[in-house]
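Presented below is the structure to which this report refers.
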Amino acid sequence: MPYAVVNTGTVLNKACIVNVGALVDHDCILEEGCHIAPGGIVKGENHLQKGTKVDSGEVVPLQFYR
């Protein structure tokens, strides 16, 4: 989506959505079906489990496993 950023070393599995203005920092793993809503931020080295949703404006801290 426009203005979305996915940084180096990040793995996006099937059916992931990184919405408008969302940021996924370095070395993250997003399992199947994850959704990063507009303006959501996932800091580096995170592993989001299948179907995780990060809401608009939410910040997922470093090394947080859901």
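The values are calculated or read from the model by the stated rules, or taken from the named source; none is laboratory data. Quick caveat: nothing in here was measured; it's all calculated off a predicted structure. Ideal geometry is used to build each Cβ from the backbone, glycine not excepted, and the neighbour counts take in all protein chains shown. For the accessible areas, the whole protein counts, side chains as well, though only heavy atoms, and no ligand, DNA or RNA atoms are used. Shrake-Rupley method; radii C 1.70, N 1.55, O 1.52, S 1.80 Å.
Numerical summary
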item	result
Surface accessible to a 1.4 Å probe, per residue, for the residues of the chain, Å²	57
Candidate values (i) 0.97; (ii) 0.90; (iii) 0.94, label of the one derived for Rg/Rh (Cα atoms, Kirkwood Rh)	(ii)
The chain, accessible surface, carbon-and-sulfur percent (1.4 angstrom probe)	56
Student exercise, the chain dipole from Lys, Arg, Asp, Glu Cβ charges, in Debye to nearest 20	140
